[in-house]
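Colleague: Let me give you the structure first, and then I'll get to my questions.
The values are calculated or read from the model by the stated rules, or taken from the named source; none is laboratory data. Bear in mind the structure is a predicted one, so any value in this text is a computation, not a measurement. Positions of Cβ are backbone-derived with ideal geometry, glycine not excepted, and every protein chain shown enters the neighbour counts.
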Amino acid sequence: MPDGPANENLYTDRDLDEALDAARDQADAAPDEVFSAGWIEGVEFMHRYLTERKRLEHE
């Protein structure tokens, strides 16, 4: 992890979007449909949380 203040945002919007896409790909490959749906829901929640947190830090 890069050095810097604890509240410094370390990830770009592109980083967050790419992580979301990668997690969706992993979930799509899962053999269990329920697990896949739960995984996607959790990842989308974290994506929204981190995106909103980043937005609020820049206001």
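Colleague: Restricting the first residue to the range 45-59 and requiring it to be in contact (Cβ under 8 Å) with a residue 12 or more places away in the chain and part of a helix (DSSP H, G or I), which pairs with a second residue that is among the hydrophobic types (A, V, I, L, M, F, W, C) and surrounded by 12 or more Cβ atoms within 10 Å (Cβ to Cβ) meet a Cβ separation below 8 Å and a spacing of at least six or different chains?
Modeller: Partner pairs satisfying both residue conditions: His47/Leu16; His47/Ala19; His47/Leu20; Leu50/Leu16; Thr51/Leu16; Lys54/Leu16.
Colleague: Working carefully through the options Thr12, Thr51, find the one that is at pLDDT below 85, surrounded by 10 or more Cβ atoms within 10 Å (Cβ to Cβ) and among the β-branched types (Val, Ile, Thr).
Modeller: Thr12
Colleague: Follow-up question, since we're still on this one. Under 9 Å by Cβ, and 6 or more places apart or on different chains, what pairs join a residue from the range 17-39 that is closer than 21 Å to Glu52 by Cβ with one that is assigned to a loop (DSSP other than H, G, I, E, B) and small (Gly, Ala, Ser)?
Modeller: Close Cβ pairs satisfying both conditions: Trp39/Ala30.
Colleague: Additional query: Which residues, counting only those in the range 18-59, are of a type in the set (Ser, Thr, Tyr) and in contact with a Leu (Cβ under 9 Å, 6 or more places away or on another chain)? Please lay out each step first, then the result.
Modeller: Start the filter on the range 18-59 by keeping residues that are of a type in the set (Ser, Thr, Tyr), which leaves 36, 49, 51.
Passing the criteria: only Thr51.
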